[in-house]
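No lab work stands behind these numbers, since they all come straight from the coordinates. In this text, all values refer to a predicted model and were calculated from it rather than measured experimentally. Here the Cβ positions follow ideal geometry from the backbone for every residue, glycine too, while neighbour counts run over all protein chains shown.
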Amino acid sequence: MKSCSWSKKMAATLAVAVSFGVTGCEPAGAPKGSASAPAKDAEPSKVTGAVKEADLAKLTLTEQAERRLGVVSVEARRRAVPRAISYGGEAMIPPGRLINVASPFLGTVEAPEEGSIPLPGSRLEKGQAVFVIRPILSPEARATIAPLVKEADGQVKTAQAQLEIAKTALKRAEEAVKQKLMPQATLIDAKAQRDVSETALRGAEARRDELERVAGSADSGGMASIIVKAPVAGVLQNLHAQVGQPVPAGSILFDVAELNPIWVRVPVYVGDVDRLALDQPAGVGGLADPPGVKTRPAKPVTAPPSGDPIAATVHLFYEVDNKDHAIRPGQRVGVTLPLKGDEEALAVPRSALIRDAQGGTWVYENLGPGVYTRRRVFVNRVVGELAALTGGVKPGAKIVSVAATELYGAEFGGQK
């Protein structure tokens, strides 16, 4: 009996101890009889007042400001947009536009009186002095001047005859193209041949005039110097003589390149040739220009066939206006070539595109009378005056096509 009573007392004591131990492990301040909940981790950051790109600031213009800026809006809609593909090209001097200027007879090279000899790469005006040649007239040289004058006169007459032939061919080509009897490329070839003939005539006339002047001074016993001038306006490509150097008759003194217009050679993969609209003009711009940057129009021209069998390419040639000489021979350029057929796309005018400092492309949407907002757009391609978009605005949106740049300035503090 005593053993059973002792066991009951021990069990009761253990129960109280266990209950006390569990109660003592509860955190301070925890409600009795409830299990403690795990603490929730705090968020590492919190953003408040975020502005979505679709909720950019709205620009409100008065009616007077709209009239002063001349704001015009057009509807963005799906339309047939010509397709195009981009290639890299290389600028080159057109055939017949690199002119070699030679010494008409034996003489010594001197600098022009009015200045120093131009450096290679300098722009030359037509008739600008480059060298002065002081003749070395031995009795034998005096005896050969008269034949040289006759030869130069014959070269002038030959050049005149070739120019007349080229002009006649050009007239025939114009009539044939007008009547659609010949392709447009024939007219381009005829114009190029006319230009080459005119250049050759100018060079022959200049050489004849200098020889006649020297012949007159030789007859009078004098030693008249000859001013060697640039026959055309262009860029001095190279100098082949130095001051004080004696040069024989017929030796090349310098080269002048006419760089307006300039040609661009485009190596095209042979698999793309059948897809290209070879009779349509292309666009020439920077090698890394993004879509939307304005390009220079380039006319297709005919040249001797060439290509690269290792790269599986053939060469296409285009003529580009280069009055500012911004494109130089050997420069790599980007060329946008037109493809056959059109493709329907959501399009806006090229003039509607605005580019920010980070390279993003935007347009302004007219939300109502005098209210505009800026929208980011994604340009697929720009052909002519149309820009094909892949997103950013919806069909039917009114997009500012005139004075978008002025709105951009007004939004960032350049109010007018």
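Does the range 251-365 classify as rounded, prolate or oblate by the C-alpha gyration tensor (a ≥ b ≥ c root eigenvalues; a/c under 1.5 gives rounded; else a/b over b/c gives prolate, otherwise oblate)? It is oblate, given that a/c is not under 1.5 and a/b is not larger than b/c. Of the Cα atoms belonging to the range 98-257, the radius of gyration and Dmax stand at 18.7, 62 Å. Cβ crowding within 10 Å, taken as a proxy for footprinting-reagent exposure, orders Leu181, Leu61 from fewest neighbours to most as Leu181, Leu61. Rounded to the nearest 20 debye, the dipole magnitude of the range 98-257 is 560 debye, with +1 charges on Lys and Arg beta carbons, -1 on Asp and Glu beta carbons, and the Cα centre as origin. Shown here for the range 172-201: trypsin sites (Lys or Arg not before Pro) in loop regions (DSSP other than H, G, I, E, B) with at most 12 other Cβ atoms within 10 Å, namely Lys180. Legend: distances between Cα atoms for Lys178/Lys294; Lys157/Lys229; Lys299/Lys323; Lys294/Lys394; Lys180/Lys340; pairs beyond 27 Å are Lys178/Lys294.
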